[in-house]
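The values are calculated or read from the model by the stated rules, or taken from the named source; none is laboratory data. Not measured: the values here are computed from a predicted model. Ideal geometry is used to build each Cβ from the backbone, glycine not excepted, and the neighbour counts take in all protein chains shown. Just the protein is used for accessible areas: all its heavy atoms, side chains included, with ligands, DNA and RNA removed. Shrake-Rupley method; radii C 1.70, N 1.55, O 1.52, S 1.80 Å.
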Amino acid sequence: MDAELYQCEALTVEGFIQQLAVSYVSNGYFFYVVGSVPEGKDPRRVDAKLIDRYGVGVSKWSRARRKRAGSANLQYLRHGRLFVLLATHGEHEFFAEEGKAVRDVRRVPLKAFGYAVSYKAGHVHVRIEREELKRLTAYVLELAAHRKVETVSGELSRLRFEPYAPVRRQLLQVLRAVNRTRRAMGYELVPLEALRFRRRIVRPFEGAGG
């Protein structure tokens, strides 16, 4: 595969997280470095430089040969100015070049765009990052104490987080907190239907099938 054909620019946050979790981390790309394209620099030039530097844009056949030889394979993904380089187990200059910046998603969740992606007990976990969840909960509870049920329901239904299983559990906890507040004040409770439980499958890259 020519590096110029390697697809790395996710169109949306949803596409970025989906590609990261479902296509990469779930397939053994556990080691990562998160970075940001500096202001004033062309993100696509940075893409090309990193893809070329680490030999990311290779065919699936080359990846298979690398794996058999005990070498690591890499993936690169960007949305906006935030990017992530991911690697599998094996030998690769990436580990020496990036040094202590390299993290293991099985030990340190990868945080991006308010999400935290981790890998535990053989499964990828996508949840709302802790501080982001605190902010979201505080905001919704403030609404719960002062607004009509329709307003609170509307806010919950429009939350930007895709309902991966851990996210669903977090949002159910938020809803329970909302209704505790409303019950104590004698307000109408927010129905379960206010939450979105079906995750949207998106096309991460322009012209791609996902």
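Which one is surrounded by the most Cβ atoms within 10 Å (Cβ to Cβ), of the residues in segment 58-88 that are in a helix (DSSP H, G or I) and under 26 Å from the mean Cα position of the chain (by Cα)?
Here is the first cut: in segment 58-88, the residues in a helix (DSSP H, G or I) are 60-68.
Now narrow it down to the ones that are under 26 Å from the mean Cα position of the chain (by Cα): 60, 63-64, 67.
Details: Lys60: 9, Arg63: 17, Ala64: 11, Lys67: 15.
Within segment 58-88, the match that is surrounded by the most Cβ atoms within 10 Å (Cβ to Cβ) is Arg63.
Scan (1) under 23 Å from Gln19 (Cβ atoms); (2) in contact with a Leu (Cβ under 7 Å, 6 or more places away or on another chain); (3) surrounded by fewer than 19 Cβ atoms within 10 Å (Cβ to Cβ) for the single condition Leu171 breaks and write down its number.
If we test Leu171 against (1) under 23 Å from Gln19 (Cβ atoms); (2) in contact with a Leu (Cβ under 7 Å, 6 or more places away or on another chain); (3) surrounded by fewer than 19 Cβ atoms within 10 Å (Cβ to Cβ), just (3) comes out false.
Determine which member of the set Glu142, Glu97, Glu206, Glu188 is loosely packed, with under 11 Cβ neighbours inside 10 Å and among the acidic types (Asp, Glu). Spell out the reasoning first.
Details: Glu142 fails: loosely packed, with under 11 Cβ neighbours inside 10 Å; Glu97 fails: loosely packed, with under 11 Cβ neighbours inside 10 Å; Glu188 fails: loosely packed, with under 11 Cβ neighbours inside 10 Å.
Answer to the selection: Glu206.
Name the pairs whose Cβ atoms lie under 6 Å apart, with the first residue in segment 106-134 and over 17 Å from Ala87 (Cα atoms), the second open to solvent by 60 Å² or more (accessible area, probe 1.4 Å), and 6 or more positions between them or separate chains?
Ala116/Arg127; Glu129/Lys111
Could we say that Gly15 is open to solvent by less than 30 Å² (accessible area, probe 1.4 Å) and free of Cβ contacts under 8 Å to residues at least 24 places away in the same chain here?
Working: open to solvent by less than 30 Å² (accessible area, probe 1.4 Å): yes; free of Cβ contacts under 8 Å to residues at least 24 places away in the same chain: no.
Here the answer is no, as Gly15 does not meet what is asked.
Looking only at segment 157-166, count every residue that is surrounded by fewer than 20 Cβ atoms within 10 Å (Cβ to Cβ) and either part of a helix (DSSP H, G or I) or in contact (Cβ under 8 Å) with a residue 60 or more places away in the chain (or both) and tell me the total.
4
Is there a residue in segment 34-52 that is of a type in the set (A, V, I, L, M) and either without any contact (Cβ under 8 Å) to a residue 24 or more places away in the chain or open to solvent by 80 Å² or more (accessible area, probe 1.4 Å) (or both)? Give the derivation first.
Filtering segment 34-52 for residues of a type in the set (A, V, I, L, M) gives 34, 37, 46, 48, 50-51.
From what is left, the residues that are either without any contact (Cβ under 8 Å) to a residue 24 or more places away in the chain or open to solvent by 80 Å² or more (accessible area, probe 1.4 Å) (or both) are none.
So far as segment 34-52 goes, no, none of its residues is of a type in the set (A, V, I, L, M) and either without any contact (Cβ under 8 Å) to a residue 24 or more places away in the chain or open to solvent by 80 Å² or more (accessible area, probe 1.4 Å) (or both).
Determine the pairs where a residue that is more than 23 Å from Thr151 (Cβ to Cβ) and among the aromatic types (Phe, Trp, Tyr), located within segment 185-210, has a partner that is at pLDDT 95 or above and open to solvent by less than 70 Å² (accessible area, probe 1.4 Å) with Cβ atoms under 6 Å apart, the partner being 6 or more residues away or on another chain.
none
Restricting the search to segment 117-134, which residues are within 13 Å of the chain's Cα centre (by Cα) and closer than 12 Å to Ser26 by Cβ? Explain how you work it out, then say what you get.
To start, the set of residues in segment 117-134 that are within 13 Å of the chain's Cα centre (by Cα) comprises 117-119, 124-129.
Scanning segment 117-134 gives Val117, Ser118, Tyr119, Val124, His125, Val126.
Mind listing just one residue for me: the one in segment 110-126 that is open to solvent by less than 50 Å² (accessible area, probe 1.4 Å) and not in a strand (DSSP E or B) and, of those, modelled with the lowest pLDDT?
Step one: of segment 110-126, the residues open to solvent by less than 50 Å² (accessible area, probe 1.4 Å) are 110, 112, 114-119, 122, 124-126.
Filter once more, so that each one left must be not in a strand (DSSP E or B): 114, 122.
Working: Gly114: 98, Gly122: 95.
Selected residue: Gly122.
Whether any residue in segment 148-156 is outside any helix (DSSP H, G or I) and either open to solvent by less than 40 Å² (accessible area, probe 1.4 Å) or farther than 26 Å from His123 by Cα (or both) is what I want to check.
Filtering segment 148-156 for residues outside any helix (DSSP H, G or I) gives 148.
Those left that are additionally either open to solvent by less than 40 Å² (accessible area, probe 1.4 Å) or farther than 26 Å from His123 by Cα (or both): 148.
Yes, the conditions are met somewhere in segment 148-156.
Of everything in segment 127-139 that's part of a helix (DSSP H, G or I) and of a type in the set (Asp, Glu), which residue is surrounded by the most Cβ atoms within 10 Å (Cβ to Cβ)? Steps first, answer last, please.
Taking segment 127-139 and keeping what is part of a helix (DSSP H, G or I), we get 130-139.
After this cut, where a residue has to be of a type in the set (Asp, Glu) as well, the list is 131-132.
On the way: Glu131: 11, Glu132: 17.
The selected residue is Glu132.
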